[in-house]
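Here's the structure we're looking at; comments come further down.
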C-alpha cells in the first residue's frame with residue numbers, strides 16, 4: 001500500500017470516529033455538566049497519549065516545546081469547540097446540534113478559499129447557499145422554529161466556526177508534529193477541570209451504559225481521532241479527506257436513529273441532504289483541481 005493511501009485511510013478513520021460524537025454524548029445521559037464532560041474526555045485522551053510516549057521510552061517533554069501560536073491555536077480550538085458542543089447537546093436535540101455543528105467542513109472550504117493563492121469561486125457560494133438552506137429546513141421548515149432551543153443552536157453554530165477556523169489556521173503551522181496534540185489535550189483538560197470546579201456541580205453517569213459512553217468519548221472522537229486526522233491531513237490526500245469529512249453528520253444522524261435517540265422524518269432527511277450536498281458542491285471543485293494537477297505531474 002502506498003504511503004499516501006495509508007495516511008489517507010488513517011485520516012478517514014477520524015471522520016468515522018467523529019460521527020460517533022453526538023450518539024456517545026447523548027448516551028452519557030445528558031446529566032454530566034459540559035465542562036466536566038470536556039475535562040473527563042480530554043483527560044482520557046491525554047492519558048492515552050502519555051501511554052504511547054512511555055511505550056516509546058520517553059515522557060513527550062520535547063513535544064511540549066512548541067511556539068506560543070501553536071499552543072493558543074491548539075488549546076483554543078480543542079477547548080472552545082468541545083465546550084460549545086457539550087453545552088449545545090444539553091440545550092438542544094442531538095440531531096439538530098450534530099447537523100449544525102457539522103457545517104465545519106463547508107466553512108473549511110470557504111475559509112481555505114481566502115488563504116493566499118486561493119480565491120472564492122461560484123461553487124463555494126452555491127454550496128454555502130445549499131447548506132444554509134438545509135439549516136433553515138432543520139430549524140424552521142414545517143415544524144416551525146423552536147425558540148426553546150435557540151441557545152443550543154447558537155452554541156452548535158459556534159462549534160462550526162471554531163473548528164473550521166482551527167483547521168484552516170493549523171495549515172499555517174505545518175512544522176508542529178501530530179503528537180504535540182497530546183499536550184494540547186492535556187492543557188484543555190486542565191482548563192476544563194478548573195472551569196468545572198469553579199462553576200459546576202460534579203455529576204457522574206448513573207449506569208454502565210453512561211460510563212462506557214464516557215470512556216468511549218475519551219478514547220475515540222475526543223482521543224484517537226485528533227491524532228489520526230492530523231496524520232492524514234499532513235501525509236495523505238487532504239482534498240479527498242475534506243470531501244470525505246462531509247459524511248460525518250450523516251454517520252452521526254444514522255447512529256442516533258439506530259440507537260433510538262432520534263426519529264426519522266422527511267424534514268430531517270432533506271436537511272441532512274442539503275447540508276452534505278452543499279458541502280460537496282463547495283468542496284468538489286477543490287478535489288477536481290488537485291486531481292488535475294496530479295495528472296499533469298504524472299504526465
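The values are calculated or read from the model by the stated rules, or taken from the named source; none is laboratory data. Being a predicted model, the structure only gives us computed values, none of them experimental. Don't worry about glycine lacking a Cβ; one is built from the backbone with ideal geometry, like all the others, and counts go over all protein chains shown.
Restricting attention to segment 255-273, the residues being over 19 Å from residue 108 (Cα atoms), surrounded by fewer than 18 Cβ atoms within 10 Å (Cβ to Cβ) and touching a residue at least 12 places away in the same chain (Cβ under 8 Å) number 4. Can residue 233 be described as touching a residue at least 60 places away in the same chain (Cβ under 8 Å) and in a helix (DSSP H, G or I)? Yes.
Condition check: out of contact with any helix residue (DSSP H, G or I) (no Cβ under 7 Å at 6 or more places or on another chain) and at pLDDT 90 or above. Does residue 225 satisfy that? Answer is no for this residue. From the list 203, 176, the one residue that fits, being touching a helix residue (DSSP H, G or I) at 6+ places or on another chain (Cβ under 8 Å), assigned to a loop (DSSP other than H, G, I, E, B) and exposed (fewer than 15 other Cβ atoms within 10 Å of the Cβ), is 203. Cβ-Cβ contacts under 6 Å between residues 6 or more apart (or on different chains), taken from a first residue in segment 137-153 that is farther than 17 Å from residue 270 by Cβ to a second residue that is surrounded by 13 or more Cβ atoms within 10 Å (Cβ to Cβ) and at pLDDT below 75, are absent.
The residue list 198, 269, 213, 262 contains one member that is modelled with pLDDT under 85 and in a helix (DSSP H, G or I), which is 269. Among the residues making up segment 214-232, those that are under 19 Å from residue 259 (Cβ atoms) and surrounded by fewer than 20 Cβ atoms within 10 Å (Cβ to Cβ) are 215, 219.
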